[in-house]
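Asker: Provided herewith is a single structure, encoded as structure tokens, for subsequent inquiry.
The values are calculated or read from the model by the stated rules, or taken from the named source; none is laboratory data. Small disclaimer: the values here were computed from a predicted structure and weren't measured. Cβ coordinates were reconstructed from backbone atoms using ideal geometry, including for glycine residues, and neighbour counts include every protein chain displayed. Ligands, DNA and RNA are excluded from the accessible area calculation, which covers all protein heavy atoms including side chains. Shrake-Rupley method; radii C 1.70, N 1.55, O 1.52, S 1.80 Å.
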2 protein chains.
Amino acid sequence: MCELMGMACAMPTDARFYFAGLAARGGATDCHIDGWGIAFLDRKSCRVFIDDQPSSMSSLAQHIAREPIRSRNTIAHVRKATVGKACIENCHPFVRQLWGRNWAFAHQGSVHGYTKDLDELFRPVGTTDSEFAFCSLLQDLHKAFGNREPACEEIFECVAQSIGSITEYGSFNFLLSNGELMFAHCSTHLQYSTRRWPFAQSRLVDIALTQDPDDSLSRNNVISVFSTRPLTDTEVWTPMSPGDLHVFEAGRIAASTHIPVPAHIAERARRQRTPRPHFT
Amino acid sequence: MCELMGMACAMPTDARFYFAGLAARGGATDCHIDGWGIAFLDRKSCRVFIDDQPSSMSSLAQHIAREPIRSRNTIAHVRKATVGKACIENCHPFVRQLWGRNWAFAHQGSVHGYTKDLDELFRPVGTTDSEFAFCSLLQDLHKAFGNREPACEEIFECVAQSIGSITEYGSFNFLLSNGELMFAHCSTHLQYSTRRWPFAQSRLVDIALTQDPDDSLSRNNVISVFSTRPLTDTEVWTPMSPGDLHVFEAGRIAASTHIPVPAHIAERARRQRTPRPHFT
């Protein structure tokens, strides 16, 4: 499987602290060694860094963990290959363009066996079930609205509808952002923690690192952090229920819905209440 | 204006040496300080690094100049903004997907005033004339072949046809790659140098750096390097004629054609036989 990390913020915010915690899970504190990636989306701006090396040993990951890149929306992923070999084209997040925006997507779980006719514009480059599902979501959005860029509510409804046809194939926990909105879907495991002013010191669980509030954590900022498993032991993490879909705008939940997951997926979520770390 | 650098190779090859020369032109030996980018394309694999800082001062550029990333096709760019402000979304190379492949594009020059109706799938994210022209080329390819991925010759003909409608708006020197092919078009200035075994020592003109042949420069490798102005003084650089379009496959020219440029563009190319460095 894999692990997800994300941040949706009211103001451009440095994600190094949480990324350092996630990156440790790529070979140091857990077994997600088949590549990693991080996408920084801030309105139209989008930068993606991917690597097929384990994040705990990647010099690029070390560079990113030193660089204060600030963005409103961040999606990161460490990969343990299930469908598709370990290579650059199978690293998350995947990025594509629609309506003059960048859309980034990362997935935790597997939706093995899900198929659909995808147009030449939505054909995956790599061989993962994840990129296939992302292309399917984007194609549904495109087919539903064509030339007209839809409003947040319309995108939300369309994404919710598309998810229904995919979740029956397996666990489909994902983060999706277009630079303004952050969609978080849980079919088995996904948690979030929303931080507001006054920000307190934060401490990672994977490595000995704390974060003190600095200038970027101003009174006007709201920071929702997402993770497959809690990254810190200093904040309250809210486990999403299997079937929950939230969309965050400026760090806050703008809309929520529940898409029932099939019984066997709900049972899987119950059995593995929280995925266990391998190396502890 | 801007400057281009590219490499098309028979075998995955480290581009650090030439990138170091180009990166110096982003603020140290020339004035292209409005961002930079580099895309490494190797068949389906694609990694892109962009930054809105001057390449000569960018810590990411320094990281890339240390990392031995090997690819068959590399496109790099240092930007001096003409159309569109200095920001991440206006940094080249631009990358989009078609037929399950990544396509990367970087442009030197300006095609101010070129307009066209672009579909929602080919709408630019940033505000440069360059991304607009790239989207226009991809839309033409898509309209010409639809669901069927065309062969090299067909792509070449279609690209050549599309160029004709753009070059009348200004200077349209570009590099375009889909991971297998590298298209190089000159409307005013673009040069290339093809290196074969036995490889000799190479020396940059911008900084005191030489490259000795190493293991990656094997008997089977062929390396064509592209640049707006020669990056080395140890190789023979061939200036392309205004209107020339070459496509390189595995480092060698696979097809060539000539698309006549309007008289005023040809005149501009003659006046500025080679763009002059600003800081020398």
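Asker: Being open to solvent by 30 Å² or more (accessible area, probe 1.4 Å), closer than 28 Å to A:SER187 by Cβ and either more than 11 Å from chain B (Cβ to nearest Cβ) or modelled with pLDDT of 95 or more (or both): is that true of A:ILE38 here?
Answerer: Answer is no for this residue.
Asker: Something else about it: I want to confirm something. Restricting to segment B:112-139 and keeping residues that are away from every other protein chain (no Cβ under 13 Å), more than 16 Å from the chain's Cα centre (by Cα) and not charged (D, E, K, R), which single residue is nearest to A:GLY100 (Cα to Cα)?
Answerer: B:SER136
Asker: Scan segment B:97-106 for residues that are open to solvent by less than 10 Å² (accessible area, probe 1.4 Å), within 8 Å of chain A (Cβ to nearest Cβ) and either without any contact (Cβ under 8 Å) to a residue 40 or more places away in the chain or at negative phi (or both) and report the count.
Answerer: The total comes to 1.
Asker: Is there a residue in segment A:142-149 that is in contact with a Ser or Thr (Cβ under 8 Å, 6 or more places away or on another chain) and either within 11 Å of chain B (Cβ to nearest Cβ) or among the aromatic types (Phe, Trp, Tyr) (or both)?
Answerer: no
Asker: Considering only segment A:41-67, state which residues are facing another protein chain (nearest Cβ under 9 Å), closer than 14 Å to A:ILE88 by Cβ and touching a strand residue (DSSP E or B) at 6+ places or on another chain (Cβ under 8 Å).
Answerer: Those that are facing another protein chain (nearest Cβ under 9 Å), closer than 14 Å to A:ILE88 by Cβ and touching a strand residue (DSSP E or B) at 6+ places or on another chain (Cβ under 8 Å): A:VAL48, A:PHE49, A:ILE50, A:ASP51, A:LEU60.
Asker: Now for a separate question. Give me the pairs, please: first residue somewhere in segment B:2-26 and within 11 Å of B:TRP36 (Cβ to Cβ), second residue anywhere and among the acidic types (Asp, Glu) and part of a strand (DSSP E or B), beta-carbon distance under 9 Å, and either six or more positions apart or on two chains.
Answerer: Listed pairs, sorted by first residue: B:LEU22/B:GLU3; B:ARG25/B:GLU3; B:GLY26/B:GLU3.
Asker: Just need a number here: residues in segment A:180-204 that are out of contact with any Phe, Trp or Tyr (no Cβ under 8 Å at 6 or more places or on another chain) and touching a residue at least 40 places away in the same chain (Cβ under 8 Å).
Answerer: 6
Asker: Now a separate question. Here are some residues: B:ALA160, B:ALA86. Which one is away from chain A (no Cβ under 13 Å), of a type in the set (A, V, I, L, M) and over 24 Å from A:GLU149 (Cβ atoms)?
Answerer: Being away from chain A (no Cβ under 13 Å), of a type in the set (A, V, I, L, M) and over 24 Å from A:GLU149 (Cβ atoms) holds for just one of B:ALA160, B:ALA86, which is B:ALA160.
Asker: Determine whether segment B:163-180 contains at least one residue that is within 11 Å of chain A (Cβ to nearest Cβ) and modelled with pLDDT of 95 or more.
Answerer: Yes.
Asker: Which strands (runs of 3 or more DSSP E) does segment B:123-213 wholly contain that include 1 or more residues that are open to solvent by less than 10 Å² (accessible area, probe 1.4 Å) and hydrophobic (A, V, I, L, M, F, W, C)?
Answerer: Answer list for segment B:123-213: B:173-177, B:181-185.
Asker: Let me ask you something else. Within segment A:68-80, identify whether any single residue is open to solvent by less than 20 Å² (accessible area, probe 1.4 Å) and facing chain B (nearest Cβ under 9 Å), and answer yes or no.
Answerer: no
Asker: Suppose we filter A:SER241, A:SER256, A:SER224 for residues that are polar (S, T, N, Q) and part of a loop (DSSP other than H, G, I, E, B); which single one remains?
Answerer: Only one candidate passes the filter, namely A:SER241.
Asker: Turning to a different aspect of this structure: Suppose we filter B:VAL236, B:VAL205, B:VAL159, B:VAL247 for residues that are touching a Cys at 6+ places or on another chain (Cβ under 9 Å) and modelled with pLDDT of 95 or more; which single one remains?
Answerer: Exactly one of B:VAL236, B:VAL205, B:VAL159, B:VAL247 is touching a Cys at 6+ places or on another chain (Cβ under 9 Å) and modelled with pLDDT of 95 or more, namely B:VAL247.
Asker: Tell me whether segment B:10-17 contains one or more residues that are crowded, with 22+ Cβ neighbours inside 10 Å and within 17 Å of B:SER202 (Cβ to Cβ).
Answerer: Yes; the residues of segment B:10-17 include at least one that is crowded, with 22+ Cβ neighbours inside 10 Å and within 17 Å of B:SER202 (Cβ to Cβ).
Asker: Can you name the number of the only condition in (1) open to solvent by less than 40 Å² (accessible area, probe 1.4 Å); (2) at the interface with another protein chain (Cβ under 8 Å from one of its Cβ atoms); (3) of a type outside the set (Ser, Thr, Tyr) that B:PHE94 fails?
Answerer: All conditions pass for B:PHE94, except number (2).
Asker: Now a separate question. Among the residues of segment B:41-67 satisfying the criterion of being of a type in the set (Ser, Thr, Tyr) and surrounded by fewer than 24 Cβ atoms within 10 Å (Cβ to Cβ), which is nearest to A:ILE50 (Cα to Cα)?
Answerer: B:SER45
Asker: Continuing with the same structure: Here are some conditions: (1) small (Gly, Ala, Ser); (2) touching a strand residue (DSSP E or B) at 6+ places or on another chain (Cβ under 8 Å); (3) more than 30 Å from B:HIS264 (Cβ to Cβ). B:ALA151 meets all but one. Which one does it not meet?
Answerer: (2)
Asker: Please identify the pairs in which a residue from segment B:216-239 that is within 21 Å of B:ALA250 (Cβ to Cβ) has its Cβ atom under 6 Å from the Cβ atom of a residue that is of a type in the set (Lys, Arg), counting only partners at least 6 apart or on another chain.
Answerer: Between residues of segment B:216-239 that are within 21 Å of B:ALA250 (Cβ to Cβ) and residues that are of a type in the set (Lys, Arg), the close pairs are B:VAL222/B:ARG196; B:VAL222/B:ARG252; B:ILE223/B:ARG195.
Asker: Give the residue, chosen from B:LEU217, B:LEU231, that is at pLDDT 95 or above, at negative phi and open to solvent by less than 30 Å² (accessible area, probe 1.4 Å).
Answerer: B:LEU231
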